[in-house]
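The values are calculated or read from the model by the stated rules, or taken from the named source; none is laboratory data. Computed from a predicted structure; not experimentally measured. Heads up, the Cβs are rebuilt from the backbone with ideal geometry, glycines too, and the neighbour counts pull from every protein chain shown.
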Amino acid sequence: MIETARATASDDRLRFSVGVAERLPYRGEAFDLVVSTTSFDHWADQQAGLAECARVLAPGGHLVLADQFSALLWPTLLAGRRGKARTRARATRLLTAAGFRFPEWHARYAITIRAVTATK
Ligand SMILES: C[S@@+](CC[C@H](N)C(=O)[O-])C[C@H]1O[C@@H](n2cnc3c(N)ncnc32)[C@H](O)[C@@H]1O
């Protein structure tokens, strides 16, 4: 995906790098906006990943996190997705613990897909 992005990017300001959310290869307070789409559910340590998002955001910066968040997913938390923040309540708790403020939830496309925006 990174190779495809590099090959097709048409703006010299764009940079692409490989990494994991739990250890972002960027200095602190480097960005005004962090966006994650349908990746959060795969992070091995969601709390550590959110802490990294907060670290690389400048004060007042924004996070957009789009993924599967729904009470309908509760049964999956009892088996294969145990411990994952797949409900708004669980994700809001992790966001708050990572230092994010003003979490706002937005419905998106499918009934289980939502986005949450939050401010550092
Ligand atoms: C369902 S795909 C979504 C891909 C892309 N973000 C999109 O919206 O089309 C999930 C992605 O999460 C990535 N992923 C898995 N574990 C991760 C982690 N710990 N940190 C960051 N990304 C991770 C996978 O490599 C995969 O590309």
Fill in: Scan of the range 28-44 for residues that are among the aliphatic types (A, V, I, L, M), more than 13 Å from the ligand (Cβ to nearest atom) and part of a loop (DSSP other than H, G, I, E, B), ordered by number
A30
Worksheet item: Hey, any hits in the range 10-27 for a residue that's charged (D, E, K, R), out of contact with any strand residue (DSSP E or B) (no Cβ under 8 Å at 6 or more places or on another chain), more than 14 Å from the ligand (Cβ to nearest atom) and closer than 18 Å to T92 by Cα?
Response: no
Fill in: A58 vs. criteria outside any loop (DSSP other than H, G, I, E, B) and under 23 Å from R101 (Cβ atoms)
yes
Practice prompt. Could you look through the range 9-36, keep only residues that are of a type in the set (S, T, Y) and modelled with pLDDT of 95 or more, and pick out the one that is surrounded by the most Cβ atoms within 10 Å (Cβ to Cβ)?
Written response: S36
Discussion item. Quick test for you: out of T117, T38, pick the one residue that is over 22 Å from R15 (Cα atoms), of a type in the set (S, T, Y) and either free of Cβ contacts under 8 Å to residues at least 12 places away in the same chain or out of contact with any Ser or Thr (no Cβ under 8 Å at 6 or more places or on another chain) (or both).
Written reply: T117
